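To start, the structure itself, in structure tokens.
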Amino acid sequence: RLKAAKEAGSRDVLRSPICCILGHVDTGKTKLLDNVRRTTVQEGEAGGITQQIGATYVPGDAICMRTEALRKGKEFELKLPGLLIIDTPGHESFTNLRSRGSGLCDIAILVVDIMHGMEQQTMESINLLKMRNTPFIVALNKVDRLFEWQAVKDAPIMEALERQKPHVKAQFEQRLQQSILNLNEQGLNVALYWKNPDKRKYVNIVPTSAISGEGIPDMLQLLVRLTQDMMSERLMFISELQCTVLEVKVVEGLGTTVDVVLVNGVLHEGDTIVLCGMNGPIVTNIRSLLTPHPLKELRVKGSYVHHKEIQAAQGVKLAAQNLETAVAGTQLHVLHKPEDLEGLKLLAMKDMEDIFKSVDRS
Ligand code: GDP
């Protein structure tokens with residue numbers, strides 16, 4: 001589709017939006033992603049906390065499949081190739097990484113535990129989102145924890161709510177109103193997504209359960225709708241490169257690699273790239289362009305798919321020489337004309353200043 005549009009000279013092609021997930025520790029960020037992916041990354045994490053930022057690409061087909069019950073046979077006009085979800089570490093010492101993470105996101109999911117409401121990192125997350133001007137939705141998670149909730153596996157949330165006993169519905173309503181009040185106190189206008197009077201003024205709330213899957217179809221559909229309907233300009237695929245380094249990692253057999261999020265543009269095997277390094281700019285050539293298999297996460301060990309070229313948006317692993325000192329959170333640039341080299345080196349190193357500034361703030 002992309003190729004055909006490009007050959008026809010059309011720029012009317014959207015890239016996948018980048019979505020990040022944040023909120024207080026233990027609200028269910030990892031489980032929500034697991035549910036979307038249907039794998040259990042969490043169990044594989046030593047001690048549960050890692051300093052990694054992973055990414056999950058959810059292809060359009062998977063989104064269509066998960067939202068089918070919600071559409072009841074109706075066509076979903078999916079204009080996006082998919083969604084790229086960036087996972088964020090669930091520990092408060094990673095505010096710095098989180099703040100960088102939210103900068104590259106088109107949309108975010110703020111996860112709130114329906115049983116706990118507002119917590120310390122919920123407020124921090126809201127401040128980050130406000131600071132970055134990132135649109136977001138609120139996933140009011142763990143609805144299955146309501147007393148005597150009857151699980152309706154993977155059901156659209158309204159359907160699941162209708163099936164609950166009156167006292168469960170009442171409990172839901174009461175906790176919902178409490179959360180709405182808490183969010184109002186943070187200066188946010190919020191509304192249940194199906195009661196939202198104005199999507200541009202009110203933040204959408206979608207109740208979910210990461211365990212039994214209620215509301216997951218709604219959450220995915222909402223992310224797609226909001227991004228493709230309201231940000232089509234921003235999501236227009238352009239050839240100008242926008243690429244952020246998430247992590248620098250040594251991988252057996254590959255040496256030091258960088259995991260990047262390719263937000264916009266194209267990367268090719270053999271491209272000369274310029275990155276921000278601890279001791280000065282790094283200039284090197286891309287030896288391999290690697291992606292995990294679809295619906296697997298970058299941090300899940302396993303084999304990689306090799307590519308000649310990769311188009312945005314995707315989480316990509318790059319193997320190249322001299323990456324040891326690369327700095328996470330900075331931009332990666334591609335050198336097209338030799339005379340641009342000095343300019344790109346300066347540009348790459350400018351990110352270092354910004355990182356120190358954000359460290360000072362947190
Ligand atoms: P994170 O720190 O935000 O990533 O939270 P996790 O995904 O690790 O979840 C924290 C704990 O809450 C784990 O024990 C999960 O099994 C549990 N949990 C997460 N989501 C739900 C949910 O929707 N319902 C229930 N009952 N438990 C959940």
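A short reminder: the numbers here are calculations on the coordinates, not readings from a lab. Predicted model only: the values in this text are computed from it and were never measured. Here Cβ is always computed from backbone atoms with ideal geometry, including for glycine, and neighbour counts include all displayed protein chains.
Taking amide hydrogens as placed 1.01 Å from N in the peptide plane, the amide H of residue 285 sits under 5 Å from those of 273, 321, each at least 5 positions away in sequence or on another chain.
Once the piece of chain linking residue 130 and residue 231 is laid out straight, how much longer is it, given 0.36 nm per residue of separation minus the C-alpha distance between them?
Details: separation 101, 0.36 × 101 = 36.36 nm, distance 1.74 nm.
Using 0.36 nm per residue and subtracting the Cα-Cα distance, I get 34.6 nm.
Quick one: if the Förster radius is 22 Å, what FRET efficiency do residue 150 and residue 75 give, using the C-beta to C-beta distance and rounding to 0.05?
Numbers: r = 31 Å, r/R0 = 1.40.
Plugging the Cβ-Cβ distance into 1/(1 + (r/R0)^6) gives 0.10.
Please list 110-122, 154-166, 193-205 highest first by mean number of surrounding beta-carbon atoms within 10 Å per residue.
Values: 110-122: 20.0, 154-166: 17.1, 193-205: 14.8.
Ranked by mean Cβ neighbours within 10 Å, highest first: 110-122, 154-166, 193-205.
All other residues whose Cβ lies under 13 angstrom from that of residue 194 are scored, Lys and Arg at +1 and Asp and Glu at -1, for a net of 0.
Label separation (residue 288 vs residue 169): 5.7 nm, computed from points 7 Å beyond Cα along the C-beta direction. Distant-in-sequence amide contacts of residue 155, defined by a placed amide H-H separation under 5 Å and a gap of 5 or more residues or a different chain, comprise 214, 215.
For the cross-link pairs 29/72; 249/317; 74/169; 72/153, the ones whose C-alpha atoms lie over 21 Å apart are 29/72; 74/169. The modelled label-to-label distance between residue 162 and residue 347, using points 7 Å beyond Cα along the C-beta direction, is 5.4 nm.
Packing here is the average count of other Cβ atoms within 10 Å per residue, and on that basis the peptides 14-26, 232-244, 131-143, highest first, run 14-26, 131-143, 232-244.
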